[in-house]
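**Student:** Please read through the structure below; I'll follow up with questions.
The values are calculated or read from the model by the stated rules, or taken from the named source; none is laboratory data. No experiment lies behind these values; they were computed from the predicted model shown. As a convention, Cβ positions derive from the backbone with ideal geometry for all residues, glycine included, and neighbour counts pool all protein chains shown. Surface areas here come from the heavy atoms of the whole protein model, side chains and all, with no ligands, DNA or RNA. Shrake-Rupley method; radii C 1.70, N 1.55, O 1.52, S 1.80 Å.
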Amino acid sequence: DVDSLAKKYYVSEKDLVGLVFEYFLDQFAAIEGKGRDEFYTPKSIVSLLTEMLKPHRGKIYNPCCGSGNMFVQSMKFIHGHNGTQQDIAIYGQEYTSNSYKLAKINLAIRGINGNLGDVAGDVFLNDQHPDLKADYIMANPPFNQKRWRGANELTDDPRWRGYTLPPTNNANYAWILHILSKLNEYGTAGLVLPNGSMSTKSSGEGTIRQEIINNDHIDCMIALPGQFFYTTQIPACLWFLTKNKEQDNTLGYRDRKGETLFIDARNMGSMINRIHREFTEDDVAQISRTYHAWRSEAKNSDYEDVPGYSKAASLEEIKANDYV
């Protein structure tokens with residue numbers, strides 16, 4: 001009896017059904033194993049992305065939205081800060097048909113309106129939001145995607161304009177450039193990538209990273225612990241990109257030009273079973289608080305470097321470390 005359960009746990013029927021759907025997605029991802037990360041990003045990673053970006057008003061985009069849990073978490077954040085669905089517009093795209101259907105269901109049962117495109121489709125060859133400029137982007141692209149579609153056909157694509165062409169044998173930097181191209185002038189993006197993306201020099205990737213750094217588009221980097229994902233033990237990190245680091249009095253950001261914040265969270269998180277780890281609520285709060293303190297223009301901001309945990313690095317320091 002959904003009505004009785006909803007009353008018992010002090011939630012709406014819609015929220016209860018959504019929580020049940022979320023639970024089964026989590027269980028399915030854990031049981032199915034290989035290939036299931038295509039639709040499910042671990043909940044605590046999504047929570048961290050949301051708390052870092054704080055999406056509260058404007059356009060939210062995810063070019064590889066899976067089952068849509070990042071949109072759901074964004075709506076929870078908005079409702080938790082006295083906002084409404086009318087404050088945002090959701091845009092997404094998903095390549096696989098099954099994940100696309102899951103995302104449509106996930107949004108529908110929660111009463112969330114979103115434009116996920118007319119059909120499932122490849123974002124490189126068939127971008128269904130070609131003119132979109134978003135305020136917030138959250139994404140967990142496929143790691144080290146080989147022979148990505150469109151690599152040879154899109155050599156003159158405007159998404160790469162001003163940058164070295166992304167290599168055909170790994171789509172990591174194609175995803176980065178696609179996401180960067182979708183940000184508006186003051187937009188911010190958070191995406192999950194393998195650790196190798198921070199140091200690779202293969203096939204021109206190091207050159208692209210150098211170009212992005214020189215253009216001052218990297219706001220924050222976070223190294224994640226292992227054992228977060230269901231299907232891969234590849235160490236991962238979070239990239240936070242921005243188009244503009246100038247002072248923004250409206251949002252309370254200070255001038256951060258020429259600076260990038262590094263956070264080492266590899267020793268954080270707790271094991272929830274023998275093989276999987278997740279961030280606690282306190283972990284998420286600590287990491288996001290560090291980022292917002294560093295970014296804040298408030299005079300009472302309590303940010304300071306903590307050896308072994310956080311470091312605000314200058315562009316000159318990053319150059320001295322060969323743009324790694």
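**Student:** Have a look at Phe143, Phe124 and point out the one that is within 27 Å of Ser202 (Cα to Cα) and open to solvent by less than 10 Å² (accessible area, probe 1.4 Å).
**Tutor:** Just a single option satisfies the conditions, and that option is Phe124.
**Student:** If I filter the stretch 68-80 for residues that are among the hydroxyl-bearing types (Ser, Thr, Tyr) and either open to solvent by 40 Å² or more (accessible area, probe 1.4 Å) or at pLDDT below 90 (or both), do I get at least one hit?
**Tutor:** So in the stretch 68-80, the residues among the hydroxyl-bearing types (Ser, Thr, Tyr) come out as 74.
If we keep only those that are either open to solvent by 40 Å² or more (accessible area, probe 1.4 Å) or at pLDDT below 90 (or both) too, we end up with none.
Looking through the stretch 68-80, none of the residues is among the hydroxyl-bearing types (Ser, Thr, Tyr) and either open to solvent by 40 Å² or more (accessible area, probe 1.4 Å) or at pLDDT below 90 (or both).
**Student:** Could you say which residue among Asp127, Asp135 is in a loop (DSSP other than H, G, I, E, B), charged (D, E, K, R) and at pLDDT 95 or above? Please lay out each step first, then the result.
**Tutor:** Numbers: Asp135 fails: in a loop (DSSP other than H, G, I, E, B).
None of the others qualify; the one that does is Asp127.
**Student:** Quickly run through the stretch 25-67 and pick out the residues that are of a type in the set (Gly, Ala, Ser), closer than 19 Å to Gly269 by Cα and at pLDDT 90 or above.
**Tutor:** Result: Ser44, Ser47.
**Student:** Any chance the stretch 95-105 includes a residue that's of a type in the set (Ser, Thr, Tyr) and at pLDDT 95 or above? Write out each step before concluding.
**Tutor:** From the stretch 95-105, those of a type in the set (Ser, Thr, Tyr) are 95-97, 99-100; that's our starting set.
Restricting the remaining residues to those that are at pLDDT 95 or above gives none.
Among the residues of the stretch 95-105, not one is of a type in the set (Ser, Thr, Tyr) and at pLDDT 95 or above, which makes the answer no.
**Student:** I would also like to ask the following. Of all residues in the stretch 104-121, which are touching a strand residue (DSSP E or B) at 6+ places or on another chain (Cβ under 6 Å) and surrounded by fewer than 20 Cβ atoms within 10 Å (Cβ to Cβ)?
**Tutor:** Step one: filter the stretch 104-121 for residues touching a strand residue (DSSP E or B) at 6+ places or on another chain (Cβ under 6 Å), giving 114-116.
Matches in the stretch 104-121: Asn115 only.
**Student:** On the basis of being closer than 27 Å to Gln233 by Cβ, in contact with a helix residue (DSSP H, G or I) (Cβ under 8 Å, 6 or more places away or on another chain), among the β-branched types (Val, Ile, Thr) and surrounded by 14 or more Cβ atoms within 10 Å (Cβ to Cβ), does Val324 make the cut?
**Tutor:** Working: closer than 27 Å to Gln233 by Cβ: yes; in contact with a helix residue (DSSP H, G or I) (Cβ under 8 Å, 6 or more places away or on another chain): yes; among the β-branched types (Val, Ile, Thr): yes; surrounded by 14 or more Cβ atoms within 10 Å (Cβ to Cβ): no.
Answer is no for this residue.
**Student:** Right, here's the next one. Here is a check on your reading of the model: is Glu22 at pLDDT 60 or above, open to solvent by 10 Å² or more (accessible area, probe 1.4 Å) and under 19 Å from the mean Cα position of the chain (by Cα)? Reasoning before the result, please.
**Tutor:** Working: at pLDDT 60 or above: yes; open to solvent by 10 Å² or more (accessible area, probe 1.4 Å): yes; under 19 Å from the mean Cα position of the chain (by Cα): yes.
Yes, satisfied.
**Student:** Looking for something at pLDDT 95 or above, buried (at least 17 other Cβ atoms within 10 Å of the Cβ) and hydroxyl-bearing (Ser, Thr, Tyr) - is there at least one such residue anywhere in the stretch 203-216?
**Tutor:** no
**Student:** Looking only at the stretch 273-286, decide whether some residue is closer than 22 Å to Asn215 by Cα, open to solvent by less than 50 Å² (accessible area, probe 1.4 Å), of a type outside the set (Lys, Arg) and modelled with pLDDT of 95 or more. Full working, then the answer.
**Tutor:** Pass one, the stretch 273-286, residues closer than 22 Å to Asn215 by Cα: none.
Looking through the stretch 273-286, none of the residues is closer than 22 Å to Asn215 by Cα, open to solvent by less than 50 Å² (accessible area, probe 1.4 Å), of a type outside the set (Lys, Arg) and modelled with pLDDT of 95 or more.
**Student:** Can you find a residue in the stretch 155-177 that is closer than 22 Å to Val46 by Cα, of a type in the set (Phe, Trp, Tyr) and surrounded by fewer than 22 Cβ atoms within 10 Å (Cβ to Cβ)?
**Tutor:** Taking every residue of the stretch 155-177 in turn, none turns out to be closer than 22 Å to Val46 by Cα, of a type in the set (Phe, Trp, Tyr) and surrounded by fewer than 22 Cβ atoms within 10 Å (Cβ to Cβ).
**Student:** Right, something else. Could you figure out which of (1) surrounded by fewer than 18 Cβ atoms within 10 Å (Cβ to Cβ); (2) farther than 17 Å from Gly190 by Cβ isn't true of His292?
**Tutor:** In the conditions (1) surrounded by fewer than 18 Cβ atoms within 10 Å (Cβ to Cβ); (2) farther than 17 Å from Gly190 by Cβ, His292 misses (2) alone.
**Student:** Moving on to the next point. Go through the stretch 129-147 and count every residue that is in contact with a helix residue (DSSP H, G or I) (Cβ under 6 Å, 6 or more places away or on another chain) and either over 28 Å from Ala89 (Cα atoms) or among the charged types (D, E, K, R) (or both).
**Tutor:** 0
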